[in-house]
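For reference, the structure is listed below as structure tokens.
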Amino acid sequence: MAGKSFKWLIFAVSMVWLESTLTEAKNPASKEFTLVDTLRQKLLTLNEEPWNSESSLLDLVKIYNGFGNDLDEAFLKSPEDHLGLLDTLWLWARTQSELRSVEGLYTNFRRMQNQSLEQQDSPLDQKRWKNFADTVLRDVNAAVPEALARIAQFVVTDRLFMYAYQEASSRMCHDQQSPQQLLYNLYNTIALVEVKGAAMMQFSWTMLRMYNKGNFTEEVEQLKQQYAIRTSETLRAVKTAMSFAPREFWKCDPAKHQLDTTYTELKQVFQGYIVNEVDMNPQSTCKENCAYYSYSKVHGCYGNQFCATQRRCNGKLVNCQYFDSDMWICPSGKNSVRRYEYVEYENGQVFGRKDTCKKPTIKVDSWWRWLFWHCSYCMCYCDDHNSNSDRYFNLRDVMADIYANKVVTGVRMKKENQVIHIQIQQGTLGARGFIDPETVAWKKIDNYTIIDDDVKAGIDYHTIMWEKRAVDLDDLEAPSDHLLTGLRFRTIGAHLNLEIMMTPFNFTTGKLVPEKSQWHSQDTTDASDQIDLDGEMQQATKRTELKLEKPDIPTRSLAQAVPDSQSNQYLLFTPTDLNKDAAQNTVPFIDAQPVEPRPAVPISGAGIFHKGRSGYGGFLALKLITYNFEPQIRTELPSSPPLIGLSNDISGL
């Protein structure tokens, strides 16, 4: 039975090799390796030297010391530093125990190397090195082959990566990285220790052979076979989990909302407004009813009645409704962006919260004119374009310094001078997806005001108004050989729409190709089922509206806001619910939290989405899509003699 299982394992590995080899034949780019896999390949070449009894132990130490220096330089910070989310996993705790055992031995290995090189004018302590080799290969408690085998069991048999994926997906709010990014850091942690362990084993076999302590040919070949099988199975487990793991990263609600820090809002845009019919027409008549005034404006203040006590609506009045003749109104404070705290009608209906009133209420009564015409007070929505209104979105390009090889590493929305901007964080791209942490910084906002001489509406900024209040919700991702290097808002008809700039790059060298950058967007609308894609008309799914049902102020929600929109939808900025808030705020609010994965990684795309809870206005928010490292996780292992009549040459994984 055991023989059949082993045959099946070798067959499975061979199938993986075959599939990978065919993929490489079609796609030369798949030859690119991650940093740790590149170091694994380099380690295998160290064994190509014809070491024998005439060789110098000092030369061998120098070779492996140089390799150790490469490891240290490549990983200045341990990828394990970013795995705190997994501390509650018992399986990870067991894996960590084995990793630290190998790490401890490797630390001693590096110390002995440095001591030998510092004292190279004196004969090396051969006995000490032989004892070290025996410990690495045969010690009952510390042998590296057994430790690596146990780690492989945790990864492959016990499915460490699948449990880590589940943990990352369910607890993303507690981490600063996408689920796939966490798995990639987990892979780097394990692979790095595995490379260190393999380096110690390879050094030990070579040194013992140099001193004629055995030929070890059979042991070395067995080790190579085990190494090949273990590595290929580990890679399969890693790649399977990473292919399923989401790459989206967005911010959950903070413990406490803070205006203009964790969120911002459009102010004095759409707001409930009480006005008498007599003031909504130039003739000052009361011949119609409230519903007649679906689109109007304030023409005057008849008799200096209630209209004289409130801030006038100088814009449009829309969707006017009649609820009752008489009411009590609690006006908001002079410096408040609200007009009313609450409105209570004589029939008992209340708009807003009565417990927030800090000023005396005002009694407001409708009246009759000449027995026939009732001059009623209406509740309308005011679309007010006053100087204190925050209703603008920046339309200028927001780009990383691509000619300095910088890419986007973070985004956030921020309000400056009444304008909502997308601000980007950028960092210098290095080889194999590395971002230099010393270069990561937020790029300064293109700070302007809408009254500047060279600033034009529709070109530099978009104005939210009742007829143009839609925002498209999309996830935008670049092709696999491109990275995110810019974002901007544009308008499609009455809709505000997100675009991303993507720039091709060479994964191995980390060099951008700036001159081939291009903008990418989702052009579908709610009116058309065809889009122009590279000059060809193609079928597309119409956008659907994400409706905010009876929305309250989002910061009043006791529950965390969760994503509730899908790509290819849109939403409308709208007043809050009359009953809950007297329609005094415009929702959704804007999530202003920085979306910045840690550690900084290349980004493949971005999105704009809505998060909220039923009955609340929620937040308009940005997300990032981290680069997909899964295709680059691979290695090329050396051929080894066939096992049980099957070729187990698994180069190409």
- Hey, among ILE644, ILE633, ILE625, ILE590, which residue is closer than 25 Å to THR485 by Cα, aliphatic (A, V, I, L, M) and at pLDDT below 95? ILE633
- Within the range 313-325, track down each residue that is surrounded by fewer than 17 Cβ atoms within 10 Å (Cβ to Cβ) and modelled with pLDDT under 95. ASN314, ASP324
- Among (1) surrounded by fewer than 16 Cβ atoms within 10 Å (Cβ to Cβ); (2) in a strand (DSSP E or B), ILE420 falls short only on (1)
- Answer yes if at least one residue in the range 266-275 is crowded, with 20+ Cβ neighbours inside 10 Å and either small (Gly, Ala, Ser) or in a helix (DSSP H, G or I) (or both), and no otherwise. yes
- Message: For the range 456-474, check the following and say yes or no: at least one residue is free of Cβ contacts under 8 Å to residues at least 24 places away in the same chain and of a type outside the set (Lys, Arg).
- Response: yes
- Task: Scan the range 164-173 for residues that are farther than 20 Å from SER78 by Cβ and part of a helix (DSSP H, G or I) and report the count.
- Result: 6
- Message: Which residue is nearest to ASN335 (Cα to Cα), if the candidates are limited to the range 281-299 and must be modelled with pLDDT of 95 or more and small (Gly, Ala, Ser)?
- Response: SER296
- Go through the range 443-464 and give me each residue that's farther than 24 Å from SER517 by Cβ and buried (at least 18 other Cβ atoms within 10 Å of the Cβ). ILE464
- Of the criteria (1) in contact (Cβ under 8 Å) with a residue 12 or more places away in the chain; (2) not in a loop (DSSP other than H, G, I, E, B), which one GLU438 fails: (1)
- State all residues of the range 362-386 that are in a strand (DSSP E or B), within 26 Å of ASN585 (Cα to Cα) and either under 49 Å from the mean Cα position of the chain (by Cα) or not basic (Lys, Arg) (or both); if no residue qualifies, say none. ILE362, VAL364, ASP365, TYR377, CYS378, MET379, CYS380, TYR381, CYS382, ASP383
- GLN177 meets each of (1) buried (at least 21 other Cβ atoms within 10 Å of the Cβ); (2) under 21 Å from THR635 (Cα atoms) with one exception, condition (2)
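Here is a yes/no grid of residues against (1) among the small types (Gly, Ala, Ser); (2) farther than 19 Å from TRP250 by Cβ; (3) buried (at least 24 other Cβ atoms within 10 Å of the Cβ):
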site	(1), (2), (3)
THR555	no, no, no
ALA559	yes, no, no
SER565	yes, no, no
ALA582	yes, yes, yes
PRO588	no, no, yes
VAL595	no, no, no
- Item | Any hit, the range 572-589, residues being farther than 30 Å from TYR322 by Cβ and either assigned to a loop (DSSP other than H, G, I, E, B) or of a type in the set (Lys, Arg) (or both) | no
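Conditions tested, residue by residue: (1) farther than 23 Å from ARG613 by Cα; (2) not assigned by TED's automatic domain parsing to the domain that holds SER178.
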| position | (1), (2) |
| --- | --- |
| ARG230 | yes, no |
| LEU235 | yes, no |
| VAL238 | yes, no |
| PRO254 | no, yes |
| HIS257 | no, yes |
| THR261 | no, yes |
| GLU277 | yes, yes |
- Matching option when the condition is part of a strand (DSSP E or B) and within 28 Å of ARG469 (Cα to Cα), among CYS330, CYS320: CYS320
- Using the structure shown, decide if LEU192 is among the aliphatic types (A, V, I, L, M), crowded, with 20+ Cβ neighbours inside 10 Å and farther than 25 Å from GLY66 by Cα. no
- Go over the candidates ALA143, ALA199, ALA147 one by one and state the one that is of a type in the set (A, V, I, L, M, F, W, C) and touching an Asp or Glu at 6+ places or on another chain (Cβ under 8 Å). ALA147
- Item | Complete set of residues in the range 282-310 that are farther than 15 Å from MET379 by Cα and not in a helix (DSSP H, G or I) | PRO282, GLN283, SER284, THR285, CYS286, LYS287, HIS299, GLY300, CYS301, GLN305
- Query: Can you tell me which residues in the range 458-472 are of a type in the set (A, V, I, L, M, F, W, C) and assigned to a loop (DSSP other than H, G, I, E, B)?
  - Reply: ILE459, ILE464, TRP466
- Would you check if GLN181 is closer than 23 Å to SER604 by Cβ and part of a loop (DSSP other than H, G, I, E, B)? no
- Please tell me if TYR340 is within 42 Å of the chain's Cα centre (by Cα), modelled with pLDDT of 95 or more and under 30 Å from ARG469 (Cα atoms). yes
- Residue ranges of strands (runs of 3 or more DSSP E) in the range 473-521 with at least 3 members on the phi < 0 side of the Ramachandran plot, at pLDDT 95 or above and surrounded by 15 or more Cβ atoms within 10 Å (Cβ to Cβ): 482-492, 495-504
- Query: In the range 343-357, which residues are touching an Asp or Glu at 6+ places or on another chain (Cβ under 9 Å) and part of a strand (DSSP E or B)?
  - Reply: TYR345, VAL350, PHE351, GLY352
- Task: Working only within the range 377-402, note down all residues that are of a type in the set (A, V, I, L, M) and not assigned by TED's automatic domain parsing to the domain that holds ALA583.
- Result: MET379
- Filter result for the condition that a residue is out of contact with any strand residue (DSSP E or B) (no Cβ under 6 Å at 6 or more places or on another chain) and under 24 Å from LEU89 (Cα atoms), over ARG159, ARG128, ARG138: ARG159
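Within the range 350-359, does at least one residue satisfy the condition of being without any contact (Cβ under 8 Å) to a residue 60 or more places away in the chain, crowded, with 16+ Cβ neighbours inside 10 Å, over 30 Å from GLN177 (Cβ atoms) and not basic (Lys, Arg)?
So far as the range 350-359 goes, yes, one or more of its residues are without any contact (Cβ under 8 Å) to a residue 60 or more places away in the chain, crowded, with 16+ Cβ neighbours inside 10 Å, over 30 Å from GLN177 (Cβ atoms) and not basic (Lys, Arg).
The values are calculated or read from the model by the stated rules, or taken from the named source; none is laboratory data. As the structure is a prediction and not an experimental result, all values here were calculated from the model. All Cβ positions, even for glycine, are placed from backbone atoms using ideal geometry, and neighbour counts span all protein chains on display.
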